[in-house]
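Notes for the one structure printed next.
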Amino acid sequence: VDLANGSIQKLYAENTNLLVFQEKKVNNALIDKDAIYTADGSKLTTTGTLVIGQITPFQGNYGISKDPGSFAIHGYNKYWTDKDRGAVLRLGASGIEEISNNGMIDWFRDELGNVNTASGVIKGVYDVYNKNYTLSLQNPPGCPGVPVVGIKESTLAFDEISNGWVSFYTYIPEDFKS
């Protein structure tokens, strides 16, 4: 992977692909396959002895920052935050989509930036019962660098059916179990 995109924060294997989440980029790598190109430039995929084959970046300038705890999965959809860009993202069949744009773009741009890099955490989980991606932004009490007007802690949910952010919760989870 390109080191200019930061360190690898999360690896996720799915079928014969490996998702590589760097701080500033998300890549797809072939596992146990090797991509060979024919003379006319078309791709020919064969089984090989390589553990990790060709690495292809996804469209868009998104990564996972230093928050791999925000990653959650349900079916073929993956969810995570890019704190550095103030975005909440979903990777599905059509590529990476910025779901924070669905009615909450300003809120996420402001509040993801308020999560303290040193001691704050961003946690995510897919709630199969309610069919929501639940996200919790947390700064410990007395966390330095958090503006007085900014949040200290907040938990909210994104609903796939309505394709929007449907609820702010009154609890702050200690841990998420998926």
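A crude spin-label estimate for the pair ASP175 and ALA118, with each label 7 Å from Cα along the Cβ direction, gives 2.7 nm.
Taking the solvent-accessible surface of protein heavy atoms with a 1.4 Å probe, what is the per residue accessible area of segment 68-109 in Å²? Don't skip to the answer; put the middle values down first.
Values: 1770 Å² over 42 residues.
Accessible area per residue: 42 Å².
Report the full-extension gain for the segment LYS152 to ASN15: residue separation times 0.36 nm, less the Cα-Cα distance, to one decimal in nm.
That pair, LYS152 and ASN15, stretches by 45.4 nm at full extension.
For GLN22, the residues 5 or more places off, or on other chains, whose built amide H falls under 5 Å of its own are GLN9, ASN27, ILE64. For LYS83, a cut-off of 17 angstrom between C-alpha atoms picks up these aspartates and glutamates, skipping any fewer than 8 places away in its own chain: GLU23, ASP67, GLU97, GLU98, ASP106, ASP110, GLU111, GLU153.
The values are calculated or read from the model by the stated rules, or taken from the named source; none is laboratory data. Treat the numbers as computed from the prediction; the structure is a model and nothing was measured. Quick reminder, even Gly has a Cβ in these numbers, built from the backbone with ideal geometry, and neighbours come from all protein chains shown. All accessible areas refer to the heavy atoms of the entire protein, side chains included, with ligands and DNA or RNA removed. Shrake-Rupley method; radii C 1.70, N 1.55, O 1.52, S 1.80 Å.
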